[in-house]
1. Does the stretch 146-156 contain at least one residue that is of a type in the set (Gly, Ala, Ser) and loosely packed, with under 14 Cβ neighbours inside 10 Å?
2. Quick check on residue 70: is it part of a helix (DSSP H, G or I) and either within 12 Å of the ligand (Cβ to nearest atom) or modelled with pLDDT under 95 (or both)?
3. Give me a count of the residues in the stretch 166-178 that are surrounded by 16 or more Cβ atoms within 10 Å (Cβ to Cβ), more than 12 Å from the ligand (Cβ to nearest atom) and either closer than 20 Å to residue 130 by Cβ or without any contact (Cβ under 8 Å) to a residue 60 or more places away in the chain (or both).
4. Consider the stretch 108-124. How many of its residues are of a type outside the set (A, V, I, L, M) and part of a strand (DSSP E or B)?
5. Restricting to strands (runs of 3 or more DSSP E) lying wholly in the stretch 165-232: which have 1 or more residues that are closer than 20 Å to residue 151 by Cβ and acidic (Asp, Glu)?
6. Being closer than 22 Å to residue 177 by Cα and either in a helix (DSSP H, G or I) or without any contact (Cβ under 8 Å) to a residue 40 or more places away in the chain (or both) narrows it down to one of 127, 140, so name that one.
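The values are calculated or read from the model by the stated rules, or taken from the named source; none is laboratory data. Not measured: the values here are computed from a predicted model. Positions of Cβ are backbone-derived with ideal geometry, glycine not excepted, and every protein chain shown enters the neighbour counts.
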Amino acid sequence: MKFLSTLSLGVLAALAAPAQAQDFPGSAPIVAVVPFAAGGPTDKVARDVTAVMARHLKGQIVIENVGGAGGTIGAKKVATARNDGHTVLIHHIGMSTAPALYRQLGFDPLKDFEMIGEIADVPMVLLGTKNLPPDNFKDLLPYIKANSSKLFLANAGIGSASHLCGLLFMSTIGTQLGTVPYKGTAPALTDLIGGQVNLMCDQTTNVAGQIKAGVVKPYVAMQSARIDAFKDIPAAAEQGLPGIEVKIWHAMYAPKGTPPAVVEKLSAALQAAVEDPVFRGKMAELGAQAATGERARPESLRKHLGNEIAKWTPVIRAAGVYAD
Ligand code: ASP
């Protein structure tokens, strides 16, 4: 009798598992954690991609902004969240630099997550507050060198895109500036516009509108070629900054142990979203590039994340930069 009831429970559980995945997401919303402040560049990518995904999943996706510590607080929250597919993480390149920067990270990007797929690549621009005297990069460089002790560069915390881009910029020009961390570049941009900080390296998904409105000064695109959507901004290579090529890749993850059928459904929705012409168009308008359907797959993201961790870890160790 006992054997029978145990057996029937086992059979029931086995039947229930695929039924759950089949019904996913059901009526409960999926929470997509963005590990930076609302209204910023990662938030923008997340809101645009999840709007299309939700349609494909016939469900609801809500964004939860959990900013702080360069994205590591939000990522850790998802690493330890319930692994039923109702919590996912949308993060960027910081997922690959955090293991080297944070010695007390508390999660392993490769081991504690199921990979869903890549979303988009976003370029970066060095911006100044509107009342900064130089009007172009040629004049900015000597100005920075002469005023380095008075100038402050905003970023979204150690390991954020703005932090990495700022480090690269300062090491390329051989000048250190003071840095000011925020929970995301949305609040940092407010302070840049207000003049509380002087400079910031930021993703175009955050600053496209402000550049077009002329409320900040874009000095240089942090890549070797000009950005299609911002042809007026000179590229780093034209301004005597060789070897600068910054692209902020974004991807989606779920907690380890999320059922494979659920991962597959999420990834299929992501693949459909990145191929969606409206999403691709929105990204292109902001200077970004949606991933291909091929890159929006778990295997492709696993390989990419592994390669990125292998690329960044020795660079960060050699630079001796640590968050703790
Ligand atoms: N992606 C961050 C944000 O959304 C900014 C950064 O990484 O620099 O605010």
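1. To start, the set of residues in the stretch 146-156 that are of a type in the set (Gly, Ala, Ser) comprises 146, 148-149, 154, 156.
Those still in the list that are loosely packed, with under 14 Cβ neighbours inside 10 Å too: 146, 149.
Yes, some residue in the stretch 146-156 is of a type in the set (Gly, Ala, Ser) and loosely packed, with under 14 Cβ neighbours inside 10 Å.
2. yes
3. 3
4. Result for the stretch 108-124: 6.
5. Once the strands (runs of 3 or more DSSP E) in the stretch 165-232 are filtered for at least 1 residues that are closer than 20 Å to residue 151 by Cβ and acidic (Asp, Glu), what remains is 199-203.
6. 140
Residues are listed down the side, and each one gets a yes or a no for (1) modelled with pLDDT under 95; (2) touching a helix residue (DSSP H, G or I) at 6+ places or on another chain (Cβ under 7 Å); (3) more than 16 Å from the ligand (Cβ to nearest atom):
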| site | (1), (2), (3) |
| --- | --- |
| 109 | no, yes, no |
| 112 | no, yes, yes |
| 118 | no, yes, no |
| 122 | no, yes, no |
| 137 | no, yes, yes |
| 143 | no, no, yes |
| 152 | no, no, no |
| 164 | yes, yes, no |
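For every residue, the table says whether it meets (1) in contact (Cβ under 8 Å) with a residue 60 or more places away in the chain; (2) more than 18 Å from residue 49 (Cα to Cα); (3) surrounded by fewer than 21 Cβ atoms within 10 Å (Cβ to Cβ).
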| residue | (1), (2), (3) |
| --- | --- |
| 267 | yes, no, no |
| 290 | yes, no, no |
| 294 | no, no, yes |
| 301 | yes, no, no |
| 307 | no, yes, yes |
| 313 | yes, yes, yes |
